[in-house]
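The values are calculated or read from the model by the stated rules, or taken from the named source; none is laboratory data. None of these values were measured; they are calculated from a predicted model. Quick reminder, even Gly has a Cβ in these numbers, built from the backbone with ideal geometry, and neighbours come from all protein chains shown. The area values use the complete protein model at the heavy-atom level, side chains included, leaving out ligands, DNA and RNA. Shrake-Rupley method; radii C 1.70, N 1.55, O 1.52, S 1.80 Å.
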Amino acid sequence: MTDTDKWSEAAQYASMMNMVNIVVYILCIGLAWWALQSFRFDVLLKMPKGAQAIMLQILLSIALGNLVASFFIQYLGLSMGFSKMF
């Protein structure tokens, strides 16, 4: 295997992992949005149907989805690293 083939294979692997990461982030943000829909914001907010309340839900979904996705991506990376150790 030549150096060019190794770099090509590494670039292909990195591209695939980037696509997996994007999909995981989008799925986790979507799941966070779905889960936050059951939360009663009307108890906490003055205008729960206003633009600011919707923006708050979006930002909370992104923050929560980011945390969950980061966990799964790190777990995936660590578990893939174990296969190279043995």
Task: Segments 36-48, 57-69 sorted - mean Cβ within 10 Å per residue, highest first - done: 57-69, 36-48
Open item on the list: Angle check, please: helix 3-36 long axis (alpha carbons) against the longest principal axis of the chain (alpha carbons), in degrees 0 to 90, nearest 10.
Closed with: 20 degrees
Task: With all protein chains modelled, accessible area of Tyr13 [1.4 Å, Å²] - done: 100 Å²
TODO: Can you tell me the 0 to 90 degree angle between the C-alpha axis of helix 51-85 and the longest principal axis of the chain, rounded to 10?
DONE: 20 degrees
